[in-house]
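J.: I am attaching a structure below and will ask some questions about it afterwards.
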Amino acid sequence: MGANKPVGQRELDAAQRAVDATKSKRWPQGNMTKAARKLGLPRSTLIDRLDLRRSGRSAETLKARMPTEAERLQDCAVMLRDNPKLSAQEYANGTKLLDPWWFHSHMGSWNAFKHAAMRSAGLRDTVVMERVKAALRKGGTLAELGASSQASRGQVLDAIDALRSGGAAVDEVGDRYAIGHAVLAPSFAAGPVHQYVSRKDNTFLFGAISDNHIGSKYERLDAAEDIYDRFVAAGVDRVYNCGNWIEGEARFNRTEIHTHGMDAQLAYFAKHYPRRKGLTTYAVSGDDHEGWYCQREGLDIGKRAEQTMRAAGRSDWVDLGFMEAHVKLTNANSGKSAILAVVHPGGGSAYADSYAVQKVIESLDGGEKPAVALYGHWHKMLAGEYRNVWWVLVPSTKDQDTFMRKKRIRSVVGGGIIGLEQDPNTGAITGMTPKLWRYFNRGYYENDRWSHSGSVVLPARTAA
């Protein structure tokens with residue numbers, strides 16, 4: 001800064017008056033160059049004096065140590081965490097350090113300083129990432145992507161790595177990159193994804209829930225919370241969720257959701273999905289509803305949901321994969337095992353509740369049939385045994401919406417606790433005890449109208 005040489009308070013005040021005299025519509029903060037020329041000082045000296053005056057330091061404190069580059073980067077990173085779109089002027093107005101425009105002479109530009117601060121704190125430039133993501137939808141080389149997104153080659157590569165780590169399917173063919181469709185195989189294709197060990201008495205006891213459709217105006221968070229209370233009271237070991245845990249977003253359901261956008265809906269989901277100490281939920285993702293984001297955004301939505309849960313401080317949600325997952329039911333005494341399938345099938349409701357699940361089981365080859373299967377998707381409640389498969393239709397926690405109403409499809413709101421008995425000598429499941437319960441429509445909603453249409457007459461506006 002120049003100097004250990006004392007500067008009187010009069011000189012500091014004179015510097016501020018000179019700058020104030022140059023303020024105009026074009027230079028609302030004052031023209032530093034013009035003011036320095038008028039005082040016959042170097043521009044950097046003028047800025048130093050303004051900083052000293054603004055910070056309330058006396059002239060005798062000129063010997064005080066100036067902030068290091070690392071301190072400046074840290075100060076900027078703190079501000080960027082609260083405001084990723086922080087501008088140079090906002091930084092200058094909000095920084096606690098002297099000489100807010102230091103980066104001009106030391107780092108060349110605001111963007112260079114901003115990106116350096118992000119790198120130092122491990123932050124992502126969300127603005128650049130969104131531009132790169134938009135460019136990737138059309139595809140191109142690194143140079144083409146950089147030109148269309150106004151980003152450097154390094155920023156494009158950083159954005160691609162970040163998107164991939166978030167579950168996005170970014171294809172690389174030759175020297176061209178593009179976001180493709182996330183073509184996910186059902187997770188059972190890779191074999192059992194988890195092991196569930198029985199109790200010492202050769203039994204299993206777990207909760208079953210499905211089709212929460214969180215984000216829909218017809219979500220039943222009250223029912224979901226009560227179901228988890230029942231799980232805890234019964235002492236279940238874990239919970240299996242058969243998919244459609246969020247409502248998702250498509251052209252035809254936009255008026256029936258209250259939270260729009262994938263990240264916003266996942267954040268709402270992480271905040272409101274039931275949470276109980278010591279109880280972990282294992283979930284598959286469907287190819288509809290949350291699966292619409294998978295198709296449109298080109299990412300693994302189940303993986304993204306688990307990441308969102310972790311970011312929200314929740315470790316009680318585990319992604320089992322896409323559409324159908326197989327869990328190994330292992331006997332604690334003998335090590336023998338059987339397979340539990342957690343499934344979100346497709347297709348519409350049939351004329352009888354049991355018909356669709358019977359056709360699914362009929363389509364399975366003898367060697368791939370699970371011992372037990374939980375089926376979501378249809379919003380029905382039923383249990384039985386067919387072709388040596390113990391099966392359960394797991395109900396939903398969503399009321400009948402307008403689509404289901406006009407298609408004359410009922411939505412059963414409920415949940416269940418499933419008890420299994422296992423033969424330790426063979427691993428076979430010899431018995432199943434389903435305990436299912438249901439909830440009824442809340443009747444009319446807050447506005448006494450089933451359709452969520454709002455008040456008939458808007459309230460009068462007042463000046464108060």
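The values are calculated or read from the model by the stated rules, or taken from the named source; none is laboratory data. All of these numbers come straight from a predicted model, not from anything done at the bench. Glycine also receives a Cβ, built like all others from the backbone with ideal geometry; neighbour counts cover every protein chain displayed.
J.: Suppose we keep only residues that are under 31 Å from the mean Cα position of the chain (by Cα) and within 24 Å of D423 (Cβ to Cβ) within the stretch 306-331. Which one would you say is surrounded by the fewest Cβ atoms within 10 Å (Cβ to Cβ)?
T.: Among those residues, the one meeting the criterion is K328.
J.: For a quick check of your reading of the model, give me the residue pairs whose first member lies in the stretch 212-236 and is in contact (Cβ under 8 Å) with a residue 12 or more places away in the chain, whose second is small (G, A, S) and in a strand (DSSP E or B), with beta-carbon atoms closer than 6 Å and at least 6 apart or on different chains.
T.: I227/G415; F231/G207; V236/G207
J.: State yes or no: is T308 assigned to a loop (DSSP other than H, G, I, E, B) and of a type in the set (S, T, Y)?
T.: For T308, the condition - assigned to a loop (DSSP other than H, G, I, E, B) and of a type in the set (S, T, Y) - is not met.
J.: Moving on. Just name the residue that is surrounded by the fewest Cβ atoms within 10 Å (Cβ to Cβ) out of those in the stretch 347-376 that are in contact with a helix residue (DSSP H, G or I) (Cβ under 9 Å, 6 or more places away or on another chain) and at pLDDT 90 or above.
T.: K369
J.: So K217 ticks every box in (1) surrounded by fewer than 19 Cβ atoms within 10 Å (Cβ to Cβ); (2) at pLDDT below 95 but one. Which box is left unticked?
T.: If we test K217 against (1) surrounded by fewer than 19 Cβ atoms within 10 Å (Cβ to Cβ); (2) at pLDDT below 95, just (1) comes out false.
J.: Please work out which one of (1) at pLDDT 95 or above; (2) surrounded by 14 or more Cβ atoms within 10 Å (Cβ to Cβ); (3) farther than 15 Å from G207 by Cα is the condition N425 fails and give its number.
T.: It is condition (2) that N425 fails.
J.: Given the condition closer than 30 Å to S87 by Cα, at pLDDT 80 or above and either assigned to a loop (DSSP other than H, G, I, E, B) or of a type outside the set (V, I, T) (or both), answer yes or no: does some residue in the stretch 159-169 qualify?
T.: Yes, there is a match, as at least one residue in the stretch 159-169 is closer than 30 Å to S87 by Cα, at pLDDT 80 or above and either assigned to a loop (DSSP other than H, G, I, E, B) or of a type outside the set (V, I, T) (or both).
J.: One residue is enough: does the stretch 332-346 have a residue meeting the conditions over 35 Å from the mean Cα position of the chain (by Cα), in a loop (DSSP other than H, G, I, E, B), modelled with pLDDT of 95 or more and under 21 Å from V239 (Cβ atoms)?
T.: yes
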